[in-house]
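For reference, the structure is listed below as C-alpha coordinates.
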Amino acid sequence: MKFNDSALGLILILAAIAIRWSAEGFSRLPNQSYGSETMPIALSALALGLGAYMVGQGVVARDGLPRARPADWVRLPGAVPRVALALGLVVGYIALAGRLGFVPVSVAILLALMLATRVRWWVALPVAALATLVIQQAFGRLLLVPLPRSGALGFLW
(Lines give C-alpha, C1' and ligand atoms only; values in the text may rest on other atoms or scores of the structure.)
Protein backbone atom coordinates (compact mmCIF):
# COMPACT_ATOMS: atom_id res chain seq x y z
CA MET A 1 0.00 0.00 0.00
CA LYS A 2 1.13 3.50 -0.68
CA PHE A 3 -0.15 6.16 1.70
CA ASN A 4 -0.09 9.92 1.68
CA ASP A 5 2.80 11.33 3.75
CA SER A 6 0.35 12.88 6.22
CA ALA A 7 -1.24 9.50 7.00
CA LEU A 8 2.12 7.78 7.49
CA GLY A 9 3.36 10.70 9.58
CA LEU A 10 0.33 10.46 11.84
CA ILE A 11 0.87 6.71 12.27
CA LEU A 12 4.53 7.38 13.12
CA ILE A 13 3.57 10.03 15.69
CA LEU A 14 1.14 7.60 17.35
CA ALA A 15 3.82 4.90 17.39
CA ALA A 16 6.32 7.35 18.94
CA ILE A 17 3.85 8.21 21.69
CA ALA A 18 3.22 4.51 22.38
CA ILE A 19 6.96 3.74 22.51
CA ARG A 20 7.61 6.64 24.87
CA TRP A 21 4.72 5.62 27.14
CA SER A 22 5.85 1.98 27.29
CA ALA A 23 9.49 2.96 28.00
CA GLU A 24 8.50 4.90 31.12
CA GLY A 25 8.13 1.65 33.07
CA PHE A 26 11.66 0.43 32.34
CA SER A 27 14.10 0.33 35.24
CA ARG A 28 17.12 2.59 35.61
CA LEU A 29 20.62 1.45 36.43
CA PRO A 30 21.75 2.09 40.01
CA ASN A 31 23.76 5.32 40.38
CA GLN A 32 23.28 6.16 36.69
CA SER A 33 21.23 8.85 35.02
CA TYR A 34 20.26 6.48 32.21
CA GLY A 35 18.98 2.94 31.96
CA SER A 36 17.09 0.55 29.75
CA GLU A 37 14.58 3.27 28.83
CA THR A 38 17.21 5.53 27.24
CA MET A 39 17.26 4.01 23.74
CA PRO A 40 13.47 3.65 23.33
CA ILE A 41 12.95 7.24 24.49
CA ALA A 42 15.60 8.52 22.07
CA LEU A 43 14.07 6.54 19.22
CA SER A 44 10.59 7.78 20.09
CA ALA A 45 11.86 11.37 19.94
CA LEU A 46 13.36 10.73 16.50
CA ALA A 47 10.14 9.04 15.33
CA LEU A 48 8.09 11.95 16.62
CA GLY A 49 10.22 14.45 14.72
CA LEU A 50 10.12 12.39 11.54
CA GLY A 51 6.35 11.97 11.85
CA ALA A 52 5.86 15.72 12.27
CA TYR A 53 8.05 16.35 9.23
CA MET A 54 6.05 13.83 7.17
CA VAL A 55 2.74 15.41 8.20
CA GLY A 56 4.13 18.80 7.19
CA GLN A 57 5.30 17.47 3.83
CA GLY A 58 1.92 15.87 3.20
CA VAL A 59 0.11 19.11 3.97
CA VAL A 60 2.43 21.12 1.72
CA ALA A 61 2.09 18.62 -1.15
CA ARG A 62 -1.73 18.88 -1.09
CA ASP A 63 -2.16 15.86 -3.34
CA GLY A 64 -5.58 15.05 -1.94
CA LEU A 65 -6.90 13.31 1.10
CA PRO A 66 -4.84 10.50 2.58
CA ARG A 67 -5.94 7.31 0.90
CA ALA A 68 -4.36 3.94 0.30
CA ARG A 69 -3.52 2.35 -3.02
CA PRO A 70 -1.38 -0.71 -3.77
CA ALA A 71 2.29 -0.06 -4.38
CA ASP A 72 3.92 -1.25 -7.60
CA TRP A 73 5.75 -4.15 -5.93
CA VAL A 74 2.43 -5.77 -4.91
CA ARG A 75 1.78 -6.59 -8.59
CA LEU A 76 5.00 -8.60 -8.92
CA PRO A 77 4.41 -12.36 -9.08
CA GLY A 78 4.92 -14.03 -5.72
CA ALA A 79 5.48 -10.81 -3.77
CA VAL A 80 2.49 -11.14 -1.45
CA PRO A 81 3.20 -14.81 -0.56
CA ARG A 82 6.83 -13.94 0.24
CA VAL A 83 5.73 -11.15 2.58
CA ALA A 84 3.26 -13.56 4.21
CA LEU A 85 6.08 -16.10 4.58
CA ALA A 86 8.32 -13.52 6.27
CA LEU A 87 5.57 -12.59 8.73
CA GLY A 88 4.82 -16.25 9.38
CA LEU A 89 8.49 -16.95 10.07
CA VAL A 90 8.57 -14.13 12.64
CA VAL A 91 5.61 -15.74 14.40
CA GLY A 92 7.35 -19.11 14.08
CA TYR A 93 10.48 -17.71 15.72
CA ILE A 94 8.44 -16.37 18.62
CA ALA A 95 6.73 -19.73 19.06
CA LEU A 96 9.74 -22.03 18.62
CA ALA A 97 12.90 -20.23 19.76
CA GLY A 98 12.19 -20.79 23.45
CA ARG A 99 11.81 -24.54 22.94
CA LEU A 100 14.40 -25.26 20.26
CA GLY A 101 16.91 -22.47 20.85
CA PHE A 102 18.08 -19.52 18.80
CA VAL A 103 20.61 -21.30 16.59
CA PRO A 104 18.45 -23.98 14.91
CA VAL A 105 15.42 -21.71 14.54
CA SER A 106 17.51 -18.88 13.11
CA VAL A 107 19.22 -21.16 10.59
CA ALA A 108 15.83 -22.54 9.50
CA ILE A 109 14.32 -19.06 9.14
CA LEU A 110 17.24 -17.64 7.18
CA LEU A 111 17.34 -20.72 4.97
CA ALA A 112 13.59 -20.49 4.28
CA LEU A 113 13.83 -16.79 3.42
CA MET A 114 16.76 -17.31 1.09
CA LEU A 115 15.13 -20.27 -0.66
CA ALA A 116 11.92 -18.24 -1.06
CA THR A 117 13.91 -15.57 -2.87
CA ARG A 118 15.45 -18.19 -5.18
CA VAL A 119 18.93 -18.42 -3.67
CA ARG A 120 20.49 -21.79 -4.52
CA TRP A 121 20.40 -24.17 -1.55
CA TRP A 122 24.17 -24.84 -1.58
CA VAL A 123 24.74 -21.11 -1.18
CA ALA A 124 21.84 -20.50 1.21
CA LEU A 125 22.79 -23.21 3.72
CA PRO A 126 26.32 -22.02 4.57
CA VAL A 127 25.26 -18.36 4.49
CA ALA A 128 22.37 -19.09 6.90
CA ALA A 129 24.69 -21.00 9.25
CA LEU A 130 27.42 -18.35 9.14
CA ALA A 131 24.98 -15.46 9.58
CA THR A 132 23.38 -17.22 12.55
CA LEU A 133 26.77 -17.79 14.15
CA VAL A 134 27.78 -14.14 13.64
CA ILE A 135 24.44 -12.86 15.03
CA GLN A 136 24.63 -15.22 18.00
CA GLN A 137 28.18 -14.21 18.84
CA ALA A 138 27.48 -10.49 18.39
CA PHE A 139 24.37 -10.48 20.53
CA GLY A 140 25.21 -13.29 22.97
CA ARG A 141 28.84 -12.48 23.72
CA LEU A 142 29.53 -8.89 22.72
CA LEU A 143 26.23 -7.19 23.59
CA LEU A 144 25.31 -9.70 26.33
CA VAL A 145 21.75 -10.04 25.05
CA PRO A 146 20.27 -13.30 26.33
CA LEU A 147 19.22 -15.37 23.32
CA PRO A 148 17.17 -18.57 23.75
CA ARG A 149 19.62 -21.40 24.22
CA SER A 150 17.59 -24.52 24.76
CA GLY A 151 18.05 -27.33 22.37
CA ALA A 152 21.03 -29.30 21.16
CA LEU A 153 23.18 -26.30 20.19
CA GLY A 154 23.16 -24.50 23.53
CA PHE A 155 26.90 -25.20 23.84
CA LEU A 156 27.68 -22.22 21.61
CA TRP A 157 27.23 -19.90 24.58
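The values are calculated or read from the model by the stated rules, or taken from the named source; none is laboratory data. A quick note: this is a predicted structure, and the numbers were derived from the prediction, not measured. As a convention, Cβ positions derive from the backbone with ideal geometry for all residues, glycine included, and neighbour counts pool all protein chains shown.
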**Request:** Give the residues of the stretch 74-104 that are in a loop (DSSP other than H, G, I, E, B) and surrounded by 12 or more Cβ atoms within 10 Å (Cβ to Cβ), sorted by residue number.
**Result:** 101
**Message:** Consider the stretch 105-120. How many of its residues are surrounded by fewer than 17 Cβ atoms within 10 Å (Cβ to Cβ) and more than 21 Å from residue 77 (Cα to Cα)?
**Reply:** 0
**Message:** Looking only at the stretch 113-122, count every residue that is touching a residue at least 24 places away in the same chain (Cβ under 8 Å) and in contact with a helix residue (DSSP H, G or I) (Cβ under 6 Å, 6 or more places away or on another chain) and tell me the total.
**Reply:** 1
**Item:** Single residue of 130, 46, 50 found to be modelled with pLDDT of 90 or more, closer than 24 Å to residue 19 by Cα and either exposed (fewer than 13 other Cβ atoms within 10 Å of the Cβ) or among the hydroxyl-bearing types (Ser, Thr, Tyr) (or both)
**Value:** 46
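May I ask you to list the residues in the stretch 21-37 that are touching a strand residue (DSSP E or B) at 6+ places or on another chain (Cβ under 9 Å), of a type outside the set (Asp, Glu) and not in a strand (DSSP E or B)?
If the condition is that a residue be touching a strand residue (DSSP E or B) at 6+ places or on another chain (Cβ under 9 Å), of a type outside the set (Asp, Glu) and not in a strand (DSSP E or B), then 26, 27, 29, 34, 36 are the ones that fit.
Taking the criterion of being touching a residue at least 40 places away in the same chain (Cβ under 8 Å), more than 18 Å from the chain's Cα centre (by Cα) and outside the structural domain of residue 36 (by TED's automatic domain parsing), would at least one residue in the stretch 128-147 satisfy it? Spell out the reasoning first.
Let us first name the residues in the stretch 128-147 that are touching a residue at least 40 places away in the same chain (Cβ under 8 Å), namely 147.
Next cut, more than 18 Å from the chain's Cα centre (by Cα) only: none.
Scanning the stretch 128-147 turns up no residue that is touching a residue at least 40 places away in the same chain (Cβ under 8 Å), more than 18 Å from the chain's Cα centre (by Cα) and outside the structural domain of residue 36 (by TED's automatic domain parsing).
Do we have residue 20 as at pLDDT 85 or above and among the basic types (Lys, Arg) here? Steps first, please.
Values: at pLDDT 85 or above: yes; among the basic types (Lys, Arg): yes.
Yes.
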**Request:** For residue 67, work out the one condition from (1) part of a loop (DSSP other than H, G, I, E, B); (2) at pLDDT 85 or above it doesn't fulfil.
**Result:** (2)
**Message:** Out of everything in the stretch 137-157 that is in contact with a helix residue (DSSP H, G or I) (Cβ under 6 Å, 6 or more places away or on another chain) and within 15 Å of residue 110 (Cβ to Cβ), what residue ends up being modelled with the highest pLDDT?
**Reply:** 147
